[in-house]
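The structure under discussion appears below in the form of structure tokens.
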């Protein structure tokens, strides 16, 4: 169903791009029905210092990169120069890109084009064209990808003097089978209780995450192993963005594998 909704969103986006209407629209799904709402200014949703991911489909520099909104002006959005391992990623005028960010309880995406670059001292800013259409997905609708990540689940002491204190005392190996910005599923030899809190170390695949807070939401025993479906309990969306970035990259990898 979600893929159908995404297809309908693409139809809406193309329709609005082709129109002469200069308004900005937020397109979203409500009970699987496409809706739209007019917005006076993109800055109602996207602000300076917002962390964004930049997806580039250019064959030579294809990938998903981190960036940040630095400024707005006229019909332009200015972001910091994306880089990979400290090396700036070329974004010459005409480069097509897809921007994603999390804000206002939703995940937002829009297509844009690089229109120029500016230098402010030692800092290079990339100028993007403001979009006419932004699509919004509720946070519960994070895209899920298949994975094979070796991780570690860190369990807490069952009883401590302060019930609000969680002290990890045991680490068990697990293999994460699928992942999204909202949660995922793994298998392990350790039994988990439903609603059991734990920390998940995903640093092998996502270096910034060695202690992601999670809760087991569904548990079942498969022969001698346990399958655990879990949700992330992030308090900062900046931490969730590390997961989202990984999922974007994994999507691209899977598409390339399938041709």
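The values are calculated or read from the model by the stated rules, or taken from the named source; none is laboratory data. The structure displayed is predicted, hence computed values, not measured ones. Here Cβ is always computed from backbone atoms with ideal geometry, including for glycine, and neighbour counts include all displayed protein chains.
Data table
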read-out: Pair list, Cβ < 8 Å and 6+ apart or interchain, from segment 223-252 residues that are closer than 17 Å to residue 50 by Cβ to residues that are in a helix (DSSP H, G or I); value: 234/240
read-out: Segment 88-128: number of residues that are more than 19 Å from the chain's Cα centre (by Cα) and surrounded by 16 or more Cβ atoms within 10 Å (Cβ to Cβ); value: 9
read-out: Segment 51-76: number of residues that are in a strand (DSSP E or B) and loosely packed, with under 13 Cβ neighbours inside 10 Å; value: 1
read-out: Number of positions in segment 77-91 that are assigned to a loop (DSSP other than H, G, I, E, B) and closer than 10 Å to residue 61 by Cβ; value: 4
read-out: Test: residue in segment 177-186 that is part of a helix (DSSP H, G or I) and under 27 Å from residue 50 (Cα atoms); value: no
read-out: Of residues in segment 27-49 being surrounded by fewer than 19 Cβ atoms within 10 Å (Cβ to Cβ) and within 18 Å of the chain's Cα centre (by Cα), the one modelled with the lowest pLDDT; value: 45
